[in-house]
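As structure tokens, the structure follows; a few thoughts come after it.
The values are calculated or read from the model by the stated rules, or taken from the named source; none is laboratory data. Quick caveat, the model's predicted, so the values are computed rather than measured. All Cβ positions, glycine included, derive from the backbone under ideal geometry; neighbour counts span all protein chains shown. For accessibility, only protein heavy atoms count, side chains too; no ligands or nucleic acids. Shrake-Rupley method; radii C 1.70, N 1.55, O 1.52, S 1.80 Å.
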Amino acid sequence: MKYRAVEDILPREQDEIKDILNQYSLAISNAIDFGTHIMDWDIKKQAIGDDNIVPPLFLRNILDISDSISILVKNSSIDQSKILLRSLLENIFCLEYLIEKNTKNRALSFLVWSAHQDLNLYKKFDKKSTEGKQFRSKFKKDRLVNDLSEIGKIDYKPYQQNSEELLNLTNYIDVEKEYQATCKKI
């Protein structure tokens, strides 16, 4: 037996506002289209250096999230788009901060922070580490996720080595020192 949605709970008919939603969706899509040109211009300039990787990453996230919001708006899923709007704003603020000044240092700082986040995750994958033991003990009591045997099958060592090597590159040494000093203060 097929059930129809209760319209008061989940309204799917949008005849009265369909044109308005399509216009909003189209406006968002037009902004996204322009954003793809900005990204294309940035790629074509072929800037050298790891610091030039970070701004396009944030721009790409902004375009992807905006595209998702456009689709949701077009289909009258306004409340769900609000969740994405928070992520969109965070990415916009991060990109603005990144390109405001001292872009190279800020971009390298982001990559150093990201490498440390990855290393912390890899420690949790290691059954023998303190972090790994604590991670597993938390989930042993969980009724939904108590089997972490699949995590043990992940070969994370090459990724861990890559993150460690990145932190030892000449470009990153000063930023890494600053990161460590900041961690000690906190």
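Which percent of the accessible area of the chain is formed by carbon and sulfur heavy atoms (probe 1.4 angstrom)?
On the way: 7750 of 14180 Å².
Whole-percent figure for carbon plus sulfur exposure: 55.
Under 37 °C and 0.692 mPa s, how fast does the chain diffuse according to Stokes-Einstein, given a Kirkwood radius computed over C-alpha pairs? Answer in µm²/s, whole number. Walk me through the numbers before you get to the answer.
On the way: Rh = 20.5 Å.
The Stokes-Einstein estimate is 160 µm²/s.
Would you calculate the separation in nanometres between label points at LYS128 and ASN105, each defined as 7 Å from the Cα along the Cα-to-beta-carbon direction?
4.0 nm
Radius of gyration and Dmax for the stretch 1-77's Cα atoms, expressed in Å?
Gyration radius and largest Cα-Cα distance of the stretch 1-77: 18.3, 61 Å.
At 7 Å along the Cα-to-beta-carbon direction for both ASP8 and ASP50, put a label point, then send me their distance in nm to one decimal.
The answer from the label model is 5.9 nm.
Multiply the residue separation of ILE20 and LYS153 by 0.36 nm, subtract the distance between their alpha-carbon atoms, and state the gained length in nm to one decimal. All intermediate terms of the calculation are to be shown ahead of the outcome.
Values: separation 133, 0.36 × 133 = 47.88 nm, distance 5.05 nm.
Length gained, ILE20 through LYS153: 42.8 nm.
Normalised radius of gyration for the stretch 107-183, please: alpha carbon Rg relative to 2.2 N^0.38 Å, two decimal places. Write down the numbers at each step before the final one.
Numbers: Rg = 14.9 Å, N = 77, 2.2 N^0.38 = 11.5 Å.
Normalised Rg, Cα atoms only: 1.30.
Using packing as a proxy for protection, rank 93-102, 108-117, 176-185 so that the peptide with the highest average count of other Cβ atoms within 10 Å comes first.
On the way: 93-102: 13.1, 108-117: 17.9, 176-185: 11.6.
The packing order, highest mean first, is 108-117, 93-102, 176-185.
Describe numerically, in nm with one decimal, the distance between label points set 7 Å from Cα along Cα→Cβ at ILE78 and at CYS183.
A separation of 4.6 nm, rounded to one decimal place.
If all Cα-Cα distances of the stretch 1-43 are sorted into 5 Å bins from 0 onward, what percent lands in each bin, rounded to whole numbers?
Final binned percentages: 6, 17, 13, 14, 12, 11, 10, 8, 6, 4, 1.
Alpha carbon centre of the stretch 92-122 versus the stretch 3-52: separation in Å?
Their Cα centres are 26 Å away from one another.
Report relative contact order for the stretch 36-176 in percent, whole number only (criteria: Cα-Cα under 8 Å, sequence separation at least 6).
On the way: 98 pairs, mean separation 30.1, N = 141.
Averaging sequence separation for qualifying contacts and normalising by length gives 21 percent for the stretch 36-176.
Kindly provide the helix-only [θ] at 222 nm of the chain, computed as the sum of -39,500 (n - 2.57) over DSSP H runs of four or more divided by all residues, to the nearest 500 deg cm²/dmol?
Numbers: 8 runs with 133 residues, N = 186.
Value at 222 nm, helices only, nearest 500: -24000 deg cm²/dmol.
Could you state the accessible area per residue of the stretch 1-137 in Å², with a 1.4 Å probe and every protein chain left in place? Please list the in-between numbers first.
Details: 9900 Å² over 137 residues.
Dividing the accessible area of the stretch 1-137 by its residue count gives 72 Å².
Starting from the Cα of LYS123, draw a straight line to each of the lysines and keep only those under 18 Å, dropping any in the same chain fewer than 8 residues away.
LYS133, LYS138, LYS140, LYS153, LYS157
Between the helical axis of 130-140 and the dominant principal axis of the chain, each derived from Cα atoms, what acute angle in degrees is found, rounded to the nearest 10?
40 degrees
Hey, what angle do you get for helix 18-44 against the long axis of the chain, alpha-carbon based, 0 to 90 degrees rounded to 10?
30 degrees
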